[in-house]
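This report concerns only the one structure given below.
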Amino acid sequence: MSLIENIIRPDVRALSAYHVPDAHGFVKLDAMENPYLLPPALREELGRRLAEVALNRYPVPSYTALKAKIRATQGIPAGFDVVLGNGSDELISIISIACAKPGAKVLAPIPGFVMYAMSAQFSGLEFVGVPLHPDFTLDKAAMLRAIAEHKPAIVYLAYPNNPTGTLFDAGDMEEIIRAVGDSGIVVSDEAYQPFAPSSWMPRLAEFDNLVVMRTVSKLGLAGIRLGYMAASQALLNEFDKVRPPYNVNVLTEAAAEFVLEHADVLEAQARMLCDERTQLAAALAALPEIEVFPSAANFLLIRVRPGPVDAQNVCAKLLEHKVLIKNVGKMHPLLNNCLRITVGTPQENRQFLDALTASLAT
């Protein structure tokens, strides 16, 4: 046997590394990023703030000032605190590690965020996926049956869901939270909360087993990699035990503190993107070859209807037009012939629509 075969787990050897395509020179609509920069005056002030950071010192791992800013600006209920992570990915890993008792299971609707299953696998947890309805709404009955059968330690409900953009029914989610009870936790993953009409954050006090997880990435700070989760103090205390002590670096800490002092700028950008989402959805729906699904996120899921070209052809043609989107058709059978498009600036959206129209005609 080779060295790799001797030391690396077989399931890890079978995986492919996460691939991010080179976006240089492309209209980048594949990663659900906010396309807007901070205003020039704020960028200059941020530069001065970052220049004062002591790069020779470790972060103070309590992150007191940053957590206070998050509580003050992001609607954390009074009496609740947050745990910070290097993006939502690390928070998911922290939850998985903390809950990885022998035989424990993770349950989530599918198609959904791939890191729920990946993190479960890496931590030795069994992942149970429950298919959505064909219209991407939650199959509550199937979820409740799976909960009764598997008694999962962790249930993920992305609100709204990636890659579909669906905002699950709040009544269905409440039934699921209550059905899980004290046998597990339910994580409301609100990565796209800035673009959604509602949140579970205000209801934290109602459910001891509820965790609300968010990121500042979609809000406009994808480059600094910062996520946070709120829950009962008893849960946060346990999660904090497995959090790496210096997991948020000093530049991320300083940048987040500064930008959250100007949260109104990011909120205004989110409102613009919601307006653009409405206009882009209407323009796509007017194309007979395209089916558009409702979205409460900063992206749209579309399906290329059966015809001369399929989603893979369209995606390839868009690349020729220097437009980068995400082909999600292979993620799950329910996503057959589906593409996911990040909502961009008006100019980017126009370029995408022009390129899409040309791609459908060939």
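Around the Cα centre of the chain, unit charges on the Cβ atoms of Lys, Arg, Asp and Glu (plus for the first two, minus for the last two) sum to a dipole of about 460 debye.
Among F127, F207, the sequence by solvent-accessible area, most first, with a 1.4 Å probe is F127, F207. The residue among M115, L42, G220 whose Cα reaches farthest toward the positive pole of the charge dipole of the chain, with charges on the beta-carbon of Lys, Arg, Asp and Glu, is M115.
Let me know the shape class of the stretch 209-362, please: from the alpha-carbon gyration tensor, a ≥ b ≥ c as square roots of the eigenvalues, rounded when a/c is under 1.5, otherwise prolate if a/b is greater than b/c, or oblate. Since a/c reaches 1.5 and a/b is larger than b/c, the shape of the stretch 209-362 is classed as prolate. On the chain, 56 percent of the accessible area sits on carbon and sulfur atoms, based on a 1.4 Å probe.
Calculated [222 nm] ellipticity per residue, helices only, for the chain: -12000 deg cm²/dmol; basis is -39500 (n - 2.57) per DSSP H run with n ≥ 4, divided by all residues, nearest 500. Taking a ≥ b ≥ c as the square roots of the Cα gyration tensor eigenvalues, the stretch 1-59 comes out oblate, since a/c reaches at least 1.5 and a/b does not exceed b/c.
The distance between label points at R178 and A54 comes to 5.2 nm (points 7 Å beyond Cα on the Cα→Cβ vector).
Rolling a 1.4 Å probe over the heavy atoms of the protein chains gives the stretch 239-309 an accessible area of 44 Å² per residue. Charge tally for G25 (other residues, Cβ to Cβ under 15 Å; Lys, Arg +1; Asp, Glu -1): -2. Rounded to the nearest 10 square angstrom, T64 shows an accessible area of 90 square angstrom against a 1.4 Å probe. Here is the link list: K69/K322; K151/K241; K67/K330; K69/K140; K218/K317. Which ones come out longer than 32 Å on Cα distance? In this structure, K69/K322; K67/K330; K69/K140 exceed 32 Å between Cα atoms. Each Cα pair under 8 Å and six or more residues apart adds its sequence gap; the mean of these over the residue count of the chain is a relative contact order of 22 percent. Whole-Hz Karplus values for the stretch 156-166 come out as 9, 10, 6, 9, x, 8, 10, x, 8, x, 5 Hz, taken residue by residue from phi with 6.51 cos²θ - 1.76 cosθ + 1.60 and θ = phi - 60°; glycine and proline positions read x. Distances between placed amide hydrogens fall under 5 Å for F299 paired with V343, all partners being 5 or more residues away or on another chain. For the stretch 197-210, the Karplus equation 6.51 cos²θ - 1.76 cosθ + 1.60, evaluated at θ = phi - 60°, returns couplings of x, 8, 8, 8, 4, x, 9, 4, 5, 7, 9, 5, 9, 9 Hz by residue, with Gly and Pro reported as x. Normalised per residue, the accessible area of the stretch 73-131 is 37 Å², obtained with a 1.4 Å probe and no contribution from ligands, DNA or RNA. Between the amide H of N34 and those of G220, A222, distances stay under 5 Å, these residues lying 5 or more places away or on another chain, with hydrogens modeled in the peptide plane.
In this structure the stretch 180-223 gives 31 Å² per residue of accessible area when probed at 1.4 Å with all protein chains present.
Here the Karplus curve 6.51 cos²θ - 1.76 cosθ + 1.60, taken at θ = phi - 60°, turns the phi angles of the stretch 271-279 into couplings of 5, 4, 5, 5, 4, 5, 4, 4, 5 Hz, with x standing for Gly and Pro.
The values are calculated or read from the model by the stated rules, or taken from the named source; none is laboratory data. Owing to the predicted nature of the structure, the values given are computational and were not obtained by experimental measurement. We place every Cβ from the backbone using ideal geometry, glycine too, and count neighbours over all the protein chains shown. Heavy atoms of the whole protein, side chains included, go into the accessibility calculation; ligands, DNA and RNA do not. Shrake-Rupley method; radii C 1.70, N 1.55, O 1.52, S 1.80 Å.
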